[in-house]
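K.L.:
This structure is in structure tokens; I'll ask about it shortly.
The values are calculated or read from the model by the stated rules, or taken from the named source; none is laboratory data. The structure presented is a predicted model; accordingly, all values stated were derived computationally and were not measured. Neighbour counts are summed over all protein chains in view; Cβ atoms, including those assigned to glycine, are modelled from backbone coordinates with ideal geometry. These accessible areas exclude ligands, DNA and RNA; they are computed on the full protein's heavy atoms, side chains included. Shrake-Rupley method; radii C 1.70, N 1.55, O 1.52, S 1.80 Å.
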Amino acid sequence: MSRLKQIGLILVNLAFYAFLAGYWYLATNLPPWHALVGALLSYGLFLTLRDRLRIPGPSPLIVALAGVLFFLMFSPLPSLRGLSQMLWLVLSAVLFRLCFSQLAAFPSKAGALAASYILFLTLPMGMPRLTSTEPSTQPGEPMDVAVIGAGFGGLAVGKELLDSGVTNFRIYEAAPEVGGTWWHNRYPGLHVDVRSALYSFSTYPNPDWSRRWAPRAELLDYAVSVSKAFGVRPFVAFESWVQGLQFNEQTGLWDIRVGGETVQAHNVVMATGGLHIPNSPQFAGSEDFSGRIFHSARWPDDADLAGKRVAIIGSGASAVQIIPEIAKEAARVDMYQRTPNWVSPSNNTEVPGWQQAAYRYVPMAYKFERLRTHVGSELGFRATFPLDSEYRGGLEDWLTNYIEGTVDDAELAAVLTPDYEFGCKRPLVTQFFYPSLNRDNVNVITQGIERFTPTGIAGVDGSAWDYDVIILATGYRVAQLPFPIEGLEGQSLEALWEEKPAAYESMMVNGFPNLYLMSGPNSGLFGSIIIHIESAANYIAQVIDEVGTDQLIQPTLEAQTAYNDDLQAKLQTTVWAGSCKSWYKLDDGTIVANNPYPISEIVYNRAQPNWAHFTITER
């Protein structure tokens, strides 16, 4: 063999194992260093054993075994975590390469890959659970875990609990269906602002997204499908409103007020999300308005805007999706803008049928698309979100040119162009907003609102406008707790967070043992929230598995303080500390909503709990 060919084979092998490490890290929640070491170990063991060890058996058996091992190399048992998971994957990878190398004929190699292909299609979620998945809760008895909320966060926690063999849990959901924010929000034009391929669970890909950025109806259908595929639907108690949590120091349990009863749990996971409690500002005279007022997050099913004069207050993520849709039928739409936002065109095209077929019947095709999207998002964050970014200026110039080239009125284009850094406020994504402002029936009003009148809105400049409908697209109370929570010594979490919300790893709070937050302070990130959800659910499941039902766990105050001091110092180097005023940060500059690290680092930091940062006591 020529030296050039040898180098080529080495490079091909390294590329294969680099992909393997990336896949293990992104798709199986294997800690990053475990994934890298595991891939290198697999390659080293294969090189060591290939001339020393032969797998016994006839060729057809080796073909079948290679196919099974190829599947197992990407599909660990759900109950495995950390080192045991790495050993499973390494052993599968080494044995696969040994079997595959023994197959000299091309038809045999093709047969092995065909066998694995059938397994991938038959078991799209990988290896099934080997333990019971039936609820084991008993009336009057404490649950091992109570999960509050059946959005994507609650569903992810339910999956991790079942993977760990925990069946004594319940998921309390106030709505009549799963989906969280995608059930509560239903305004026209609603779609996700992250590419669909990345806005899905790594273990449950959806090849049927109709658009690059999926619409609300498909996201809700996906949530229902996830609840069934993960096996958690039987654990969901629908239309169950939780009214409060109180830690009982005598029993060491959490008392949960739900409906007209109180239930108890050893552990409680808050998966209530942050985009469901409307932020509804109070305007003078609103009670006198003769028309209809509603918040975009509570869009009425019977809302009829055809031929109506509509005011939409706000210019953020909801408004830029709503306006292009309602402008098609309303007589007039006026958007009240306080501050313009950076809006990027999304090119939200339909996914071609051939591509959907490829995602469905070529399992790795979807995984490659997911990896490609993730890498693009990660590089984009690293390039543009540092406060001293050298690239952000070019992006802002490009977006300014886009605004000026899309909006016909030059004065209006200037009004719509932000004077602060891209990313300082939430970047918005839609291709339809700016073109809709060229319509004759759409206006942008920048004067402040003095009051509502019986017929409409009076501006601070003396202007008056008549409306039939006023829509509040004024965002959400992201930091507001949905109900009272009392920890040790009756400490109120709301009071503790009144000045500065803070948590350890955004998930746990000193003084609130065995309470876990899926969307705690500084849990916001750039990219897909689903990746955060998966890593957080995995982390929480590890903690619950460690303490079981006999122990209490909470972060030490020192660890929590040190974590947040480091976090805030890093945040001050990001664009979120820029010149704008946003709901991300407090008046003193403390940033309470976002995490300053790229998703890969967040997942890495959460791969395994640092037990030295916790106080663990007997219950």
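K.L.:
Once each part is reduced to its C-alpha centroid, what is the distance from the range 433-512 to the range 557-581 in angstrom?
P.N.:
23 Å
K.L.:
Relative to the Cα centre, what is the charge dipole magnitude of the range 152-300, using +1 at the beta carbon of each Lys and Arg, -1 at the beta carbon of each Asp and Glu, and rounding to the nearest 20 debye?
P.N.:
Charge dipole, the range 152-300, about its Cα centre: 460 debye, nearest 20.
K.L.:
Oh, and also: Between 254, 60, 594, whose Cα lies farthest towards the positive end of the dipole of the chain when Lys and Arg beta carbons carry +1 and Asp and Glu beta carbons carry -1, centred on the Cα centre?
P.N.:
Value: 60.
K.L.:
Pull up the DSSP beta bridges for the chain and report the antiparallel fraction as a percent, rounded to 5.
P.N.:
45 percent
K.L.:
With every protein chain in place, what's the accessible area of residue 193 (1.4 Å probe, Å², nearest 10)?
P.N.:
50 Å²
K.L.:
A further question on this structure: Calculate the dipole size of the range 493-619 relative to its Cα centre from +1 charges on Lys and Arg beta carbons and -1 charges on Asp and Glu beta carbons; express the result in debye to the nearest 20.
P.N.:
Result for the range 493-619 is approximately 360 debye, rounded to the nearest 20.
K.L.:
Calculated from DSSP H runs of 4 or more alone, at -39500 (n - 2.57) each and per residue, what is the 222 nm mean residue ellipticity of the chain, nearest 500? It would help to have the intermediate numbers written out before the result.
P.N.:
Numbers: 18 runs with 237 residues, N = 619.
When only DSSP H runs of four or more count, the value is -12000 deg cm²/dmol.
K.L.:
Taking the alpha-carbon centroid of each part, what is the distance from the range 188-261 to the range 73-130 in angstrom?
P.N.:
31 Å
K.L.:
If 130, 387 are ordered by their accessible area, calculated over protein heavy atoms with a 1.4 Å probe, which sequence runs from highest to lowest?
P.N.:
The ordering from most to least exposed comes out as 130, 387.
K.L.:
Name the shape class, rounded, prolate or oblate, that the alpha-carbon gyration tensor gives for the range 338-410, where a ≥ b ≥ c are the square roots of its eigenvalues, rounded holds for a/c under 1.5, and otherwise prolate holds if a/b is larger than b/c and oblate otherwise.
P.N.:
Oblate shape, in that a/c is at least 1.5 and b/c is the bigger or equal ratio.
K.L.:
What does the charge count around residue 495 come to, taking other residues whose C-beta lies under 13 Å from its C-beta (Lys +1, Arg +1, Asp -1, Glu -1)?
P.N.:
So the surrounding residues net to -4.
K.L.:
For the chain, what does the accessible surface come to per residue with a 1.4 Å probe? Please give it in Å².
P.N.:
Counting only protein heavy atoms, the per-residue value for the chain is 44 Å².
K.L.:
Here is a further query. If I measure Cβ to Cβ between cysteines in the chain, which ones have no partner under 4.7 Å?
P.N.:
Cysteines of the chain left without a disulfide-compatible partner: 99.
K.L.:
Counting Lys and Arg as +1 and Asp and Glu as -1, each charge on the Cβ, what is the dipole of the chain about the Cα centre in debye, to the nearest 20?
P.N.:
Dipole of the chain, to the nearest 20 debye: 2900 debye.
K.L.:
From the protein chains alone at 1.4 Å, what is the descending order of accessible area for 450, 160, 421, 486, largest first?
P.N.:
450, 486, 421, 160
K.L.:
If you take the charge dipole of the chain about its Cα centre, with +1 on Lys and Arg Cβ and -1 on Asp and Glu Cβ, which of 210, 424, 501 is farthest toward its positive end?
P.N.:
Checked the options; the winner is 210.
K.L.:
With an 8 Å cut-off on Cα pairs and a minimum separation of 6 or more residues, tell me the relative contact order of the chain in percent.
P.N.:
Computed value for the chain: 15 percent relative contact order.
K.L.:
Just to verify a number: what accessible area does residue 364 come out at with the full protein assembly present, 1.4 Å probe, Å² rounded to tens?
P.N.:
40 Å²
K.L.:
While we're on this one: Ignoring ligands, DNA and RNA, what percent of the 1.4 Å accessible area of the chain is carbon and sulfur?
P.N.:
55 percent
K.L.:
Using only protein heavy atoms and a 1.4 Å probe, report how much of residue 216 is accessible, in Å² to the nearest 10.
P.N.:
50 Å²
K.L.:
Just one of [x] -0.50, -0.81, -1.16; [y] -0.64, -0.78, -1.05; [z] -0.70, -0.88, -1.07 is log10 I(q)/I(0) by the Debye sum over Cα atoms at q = 0.07, 0.09, 0.11 Å⁻¹ calculated from these coordinates, so which is it?
P.N.:
The value computed from this structure is option [x].
K.L.:
Would you be so kind as to identify which of 299, 273, 322 lies farthest towards the positive end of the dipole of the range 253-328, taking Lys and Arg as +1 and Asp and Glu as -1 on Cβ and the Cα centre as origin?
P.N.:
Most positive-ward Cα: 322.
K.L.:
With θ set to phi - 60° and the Karplus curve 6.51 cos²θ - 1.76 cosθ + 1.60, what are the ³J(HN,Hα) couplings of the range 69-80 in order, to the nearest whole Hz, using x for Gly and Pro?
P.N.:
5, 4, 5, 5, 5, 10, 9, x, 4, x, 7, 7
K.L.:
Let me ask something additional. Sort 88, 342 by accessible area with a 1.4 Å probe, largest first. Before the final figure, lay out each step's value.
P.N.:
Working: 88 60, 342 10 Å².
These residues rank, largest area first, as 88, 342.
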